[in-house]
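The values are calculated or read from the model by the stated rules, or taken from the named source; none is laboratory data. Not measured: the values here are computed from a predicted model. Counting neighbours? That spans all protein chains shown, and the Cβs are built from the backbone with ideal geometry, glycine included.
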Amino acid sequence: MTSTAASTQLHQDFPFGTVEPEYVLSEALDPDPASVFTNVSDADRAYWDRARAFVQDEVLPVIAGYWERAEYPLHLLKRLGELDLLRDGIDVDGFPAMSKMAAGLVNMEISRGDGSVGTIIAVQGGLALRSVAECGSDEQRARWLGPLSRGEDYGAFALTEPTHGSDSVALETTATAVEGGFLLNGEKKWIGNGSIGGVTVVWARGEGGAVHGYLVPQDSPGYVATTIEGKASLRAIWQAHIRLENVFVPAANVLPGARTFKDAGRVLLATRLGVAWSAVGHATACYETAVQYAAQRQQFGRPLAASQIIQERLARMHSELATMQLMVAQMTRLDEEGVLTPVQASLAKYTCTRTARGIASNARDLLGGNGILLQNRIARHLADIEAIHTYEGTETVQALIIGRSITGISAFA
Ligand SMILES: Cc1cc2nc3c(=O)[nH]c(=O)nc-3n(C[C@H](O)[C@H](O)[C@H](O)COP(=O)(O)OP(=O)(O)OC[C@H]3O[C@@H](n4cnc5c(N)ncnc54)[C@H](O)[C@@H]3O)c2cc1C
């Protein structure tokens, strides 16, 4: 029996009002308890509005299916490029100015729709494009920045290794000098966009042990990428496990501005705040869904929303959301003034991913059993937050960075 036939059967069998109503949970409530977004400039709002229209018209109608099937909707990557939503605030010749606030709002809005699509921006714009923009030669920038920004080429950033995640500073991939270039050998894990036929920025140890960045086309001989399967999070974007076996990289593909591990760290630092904005987007979606469900779901003869405990829970989410919004907006203002410190970026990521996780869990529970159904939005966000809680420095790693600044003592090792 098809599902349509099954639901018709259900209605015929139970005609006396015992059929569960269809809940409408997708309205945009735009919670802004502290009026954080009241003064967003027209130029920033134009980016935000474009991101919202893209999510409403092109992401939400299809994404649940891609997520369930663990398929990568590459056409959405291309559309992000066509709509100029991929750049993460990076200046690229021929493109209009995109402020850091606009980049944050785009990250938030896209993740409010879906975390996998939000992660496309983090990987392609935040990490790959930024590596070339900040560390590339004029020729490399001329070759790659436009196509990556437009979504015509795909970009990946390969730092993490199977045996070096939080301690990626200990990476073991090597680059050995040979005539005309270098041979790369090693393994990389969790590399977003690493198996879709684009270019990967590979971080490897060269002569004397210093870490450099290398632009490696994914069709290079010896570049063997396997898409990681069985993920319970971000199922609509692919990460790869990559083996590099004597991959030849011409000297022209070495990023001249990437000479130490600190250069990789600089790129990661710039994207940390973007992840915090994404967390706000996830939390907003969960909060919006919970408020709408509480108003529509009847138990004990009244809406859930009429219960004091439910109101307290909604108030808590509301308050937590305001905290997150204030934090990302203030940190972005500091970033725009050029004074954001690494510890402040860590504080934003720590606070927002941690708080979003709490809001998603609270909202999931508020929907009862319906909270675990993918169709009701929250379960996908709840699962996706697990990845942003971990990538770009885990919650614990951010806490250790903050703790070191408080105490003056490094507790990493
Ligand atoms: C979906 C996804 C996408 C990703 N995309 C990319 C990508 O595109 N490119 C890329 O290079 N990497 C990527 N990563 C890798 C990501 O950055 C790492 O997963 C992350 O840095 C954590 O490393 P790990 O998973 O090896 O965990 P581990 O480092 O093994 O950590 C395991 C646990 O130990 C804790 N821990 C670690 N060190 C300490 C310590 N000193 N003290 C106390 N606790 C500690 C951690 O907080 C964590 O809870 C991605 C990961 C995921 C899950």
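Remarks
- R333 within 27 Å of V397 (Cβ to Cβ), at pLDDT 95 or above, surrounded by 15 or more Cβ atoms within 10 Å (Cβ to Cβ) and in the same structural domain as V397 (by TED's automatic domain parsing): no
- L25 fulfils the conditions (1) out of contact with any helix residue (DSSP H, G or I) (no Cβ under 6 Å at 6 or more places or on another chain); (2) at pLDDT below 95; (3) closer than 18 Å to D384 by Cβ except for a single criterion, (1).
- In region 221-263, of all residues being at positive phi and within 15 Å of the ligand (Cβ to nearest atom), the one that is surrounded by the most Cβ atoms within 10 Å (Cβ to Cβ) corresponds to L234.
- For the residues A379, A363, the requirement of being surrounded by 15 or more Cβ atoms within 10 Å (Cβ to Cβ), touching a residue at least 40 places away in the same chain (Cβ under 8 Å) and of a type outside the set (D, E) singles out A363.
- When the strands (runs of 3 or more DSSP E) confined to region 176-236 are screened for residues that are of a type in the set (A, V, I, L, M, F, W, C) and closer than 17 Å to R130 by Cα, those reaching at least 2 such residues are found at 199-205, 211-217.
- Region 157-174, residues that are in a strand (DSSP E or B) and touching a helix residue (DSSP H, G or I) at 6+ places or on another chain (Cβ under 6 Å): F157, H164
- Top-ranked residue in region 161-177 [being among the charged types (D, E, K, R) and surrounded by 13 or more Cβ atoms within 10 Å (Cβ to Cβ); ranked as farthest from the ligand (Cβ to nearest atom)]: E172
- Close Cβ contacts (under 7 Å, 6 or more residues apart or on different chains) running from residues in region 189-210 that are closer than 12 Å to Y72 by Cβ to residues that are surrounded by fewer than 18 Cβ atoms within 10 Å (Cβ to Cβ) comprise S195/T226; S195/T227; I196/L74; G197/D219.
- Residue among A305, A356 that alone is modelled with pLDDT of 95 or more, part of a helix (DSSP H, G or I) and away from the ligand (no atom under 16 Å from the Cβ): A305
- Residue check for T332: within 17 Å of T271 (Cα to Cα), of a type in the set (V, I, T) and touching a residue at least 24 places away in the same chain (Cβ under 8 Å): yes
- Checked against (1) more than 18 Å from E392 (Cα to Cα); (2) of a type in the set (S, T, Y); (3) surrounded by 15 or more Cβ atoms within 10 Å (Cβ to Cβ), S319 meets all criteria but (3).
- Cβ pairs under 6 Å, 6+ apart, first in region 150-168 and of a type in the set (A, V, I, L, M), second within 7 Å of the ligand (Cβ to nearest atom) and outside any loop (DSSP other than H, G, I, E, B): A156/I191; A158/K188; A158/I191; L159/S168
- Those residues of region 135-149 which are within 27 Å of E109 (Cα to Cα) and either without any contact (Cβ under 8 Å) to a residue 24 or more places away in the chain or away from the ligand (no atom under 16 Å from the Cβ) (or both), in sequence order: W144, L145, G146, P147, S149
- Selection count, region 186-213, where residues are near the ligand (Cβ under 8 Å from one of its atoms) and either surrounded by fewer than 24 Cβ atoms within 10 Å (Cβ to Cβ) or assigned by TED's automatic domain parsing to the domain that holds A387 (or both): 2
- Residue in region 25-35 that is touching a His at 6+ places or on another chain (Cβ under 8 Å), surrounded by 15 or more Cβ atoms within 10 Å (Cβ to Cβ) and not assigned by TED's automatic domain parsing to the domain that holds L321 present: yes
- Pairs are defined by a Cβ separation below 9 Å, a sequence spacing of at least 6 or placement on different chains, a first member in region 286-298 that is without any contact (Cβ under 8 Å) to a residue 60 or more places away in the chain, and a second member that is buried (at least 18 other Cβ atoms within 10 Å of the Cβ) and not in a helix (DSSP H, G or I); no pair meets this definition.
- The residue list V132, V92 contains one member that is among the aliphatic types (A, V, I, L, M), surrounded by fewer than 23 Cβ atoms within 10 Å (Cβ to Cβ) and farther than 30 Å from D30 by Cα, which is V92.
- Residue count for region 377-413, restricted to those that are outside any loop (DSSP other than H, G, I, E, B), near the ligand (Cβ under 8 Å from one of its atoms) and among the hydroxyl-bearing types (S, T, Y): 2
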